[in-house]
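S.K.: My questions all concern the structure below.
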Amino acid sequence: MNKNEAVKRNPTETAEPVENRPVFVPDTDIYEKENSILVRCDMPGVDSSGMEITLDDHVLTITGSQGRYQPEGFDPVLEEYGTGVYRRSFTMSREIDEAGITARIRNGVLEVELPKAADARPRRIAVEVAD
């Protein structure tokens, strides 16, 4: 599989308001190895309860919602930190093993690992000696 074919940014992706909240496009890095693809997204302030990840018709959509932080016993004096929704979509290769996809979020960084289907992985072919 050609690296350019493994993942394609969704060309129709735009940031748009959802539920009267701003939508942010998270910074994302994508890595590939022989057996899988790893998608890493910065999503500060998002925890696992605010995450939704879908793979529909080979389009991976990642959505993470932030909650508003309000320290107990304090009243806001100045609030500059914006909260909203992070959203990003990618068109994935048809060679993804959808049943094996895993995701984890830690310290505001989401990692989604997409294993390649067995028939899409590179394989070594033995060469026999002919007489």
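The values are calculated or read from the model by the stated rules, or taken from the named source; none is laboratory data. Quick caveat: nothing in here was measured; it's all calculated off a predicted structure. No Cβ is skipped: glycine too gets one built from the backbone with ideal geometry, and neighbour counts run over all protein chains shown.
S.K.: Find the residue count for region 87-131, including only residues that are out of contact with any helix residue (DSSP H, G or I) (no Cβ under 8 Å at 6 or more places or on another chain) and outside any strand (DSSP E or B).
M.R.: Within region 87-131, residues that are out of contact with any helix residue (DSSP H, G or I) (no Cβ under 8 Å at 6 or more places or on another chain) and outside any strand (DSSP E or B) number 22.
S.K.: Same structure again: For region 10-46, how many residues meet the condition of being among the acidic types (Asp, Glu) and either modelled with pLDDT under 90 or part of a helix (DSSP H, G or I) (or both)?
M.R.: Count: 4.
S.K.: Also, quick follow-up: Is it the case that region 65-81 has a residue that's modelled with pLDDT of 90 or more, part of a strand (DSSP E or B) and closer than 19 Å to residue 37 by Cβ?
M.R.: no
S.K.: A further question follows. Do you know which residues across region 76-98 are free of Cβ contacts under 8 Å to residues at least 60 places away in the same chain and surrounded by fewer than 21 Cβ atoms within 10 Å (Cβ to Cβ)?
M.R.: Those that are free of Cβ contacts under 8 Å to residues at least 60 places away in the same chain and surrounded by fewer than 21 Cβ atoms within 10 Å (Cβ to Cβ): 76, 77, 78, 79, 80, 81, 94, 97, 98.
The rows are residues; the columns are (1) among the basic types (Lys, Arg); (2) on the phi < 0 side of the Ramachandran plot; (3) touching an Asp or Glu at 6+ places or on another chain (Cβ under 8 Å).
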{"site": "91", "(1), (2), (3)": "no, yes, no"}
{"site": "94", "(1), (2), (3)": "yes, yes, no"}
{"site": "101", "(1), (2), (3)": "no, yes, yes"}
{"site": "113", "(1), (2), (3)": "no, yes, no"}
{"site": "117", "(1), (2), (3)": "no, yes, yes"}
{"site": "127", "(1), (2), (3)": "no, yes, no"}
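S.K.: Can you run down the residue pairs with Cβ atoms below 8 Å, 6 or more apart or on separate chains, where the first is in region 19-31 and more than 14 Å from residue 41 (Cα to Cα) and the partner is of a type in the set (Phe, Trp, Tyr) and assigned to a strand (DSSP E or B)?
M.R.: Partner pairs satisfying both residue conditions: 23/86.
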